[in-house]
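A short write-up of the structure that comes next.
The values are calculated or read from the model by the stated rules, or taken from the named source; none is laboratory data. Predicted, not measured: the structure shown is a model, and the values here were computed from it. As a convention, Cβ positions derive from the backbone with ideal geometry for all residues, glycine included, and neighbour counts pool all protein chains shown.
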Amino acid sequence: MNVFEAVKENVTARQAAEMYGIRVNRNGMACCPFHDDKHPSMKVDRRFHCFGCQEDGDVIDFAAKLYGLNSLGAAVKLAADFGIDYDNKGRASPRPVKKKISEELRFKQAESQCFRILSDYNLLLEKWRTEYAPETPEEEWHPLFVEALQKQTNMEYLLDILLSGTVEEKAALIKDYGKEVMRIGERISGLAACHKTSRDERSGYAHSDDDGR
């Protein structure tokens, strides 16, 4: 068994995506890292396929595309990251041993995930602050406008730490805000799903009107 076969047998595209900091929801969907994807359009399981940009392939293709490597480089990286042993001729051991993910890699994954979720949330807050701003002093403030006023400054502060803070500051942020960030991520996914459903319904009504005419 060579390194290519060993990697394909022991690692799925979904495992690689999660290893490298890409958030995959319960349905196996993720935001595609290969194009400007605001809503999850990539299905990851044993293989991956993006319904947006049409990128498709196995776990080695995924790592190669993600890191700009050739197939051998991607296979070697995956084998190293997932602890799959093979000899210097590229042959894998009969029983690949999956080592525990290092603490450093876990930290990088958590840092990447926090930054992505907080960035998405900050963009939403910025959008809500503009779209739902009251037009007159007497108008009642929309809850999303209030949320934007209350949260945006803190989100920008947290993002600044993730961008330029020390390792200790980033670690403290991940520890203190980890659960809240996960809740924010789930909320963003829920809002995206509602938006898609609403958009599909409007499209259906439009088609119905066209048929009626």
Condition broken by T136, with the remaining ones in (1) part of a helix (DSSP H, G or I); (2) of a type in the set (S, T, N, Q); (3) at pLDDT 90 or above satisfied: (1)
If C32 satisfies all but one of (1) touching an Asp or Glu at 6+ places or on another chain (Cβ under 8 Å); (2) of a type outside the set (S, T, N, Q); (3) under 19 Å from E5 (Cβ atoms), what's the number of the condition it fails? (3)
Exception for E18 within (1) within 24 Å of G190 (Cα to Cα); (2) assigned to a loop (DSSP other than H, G, I, E, B); (3) charged (D, E, K, R) falls at (2)
Considering residues that are of a type outside the set (D, E) and surrounded by 11 or more Cβ atoms within 10 Å (Cβ to Cβ), the number found within segment 158-171 is 7
Long-range neighbours under 7 Å by Cβ, at least six apart or interchain, first residue in contact (Cβ under 8 Å) with a residue 40 or more places away in the chain and under 15 Å from A63 (Cα atoms) within segment 25-45, second surrounded by fewer than 16 Cβ atoms within 10 Å (Cβ to Cβ) and of a type outside the set (G, A, S): none
Condition first: among the aliphatic types (A, V, I, L, M), assigned to a helix (DSSP H, G or I) and at pLDDT 90 or above. Can you find one or more residues in segment 115-122 that meet it? yes
Here are K43, K77, K38: which of them is outside any helix (DSSP H, G or I) and crowded, with 17+ Cβ neighbours inside 10 Å? K43
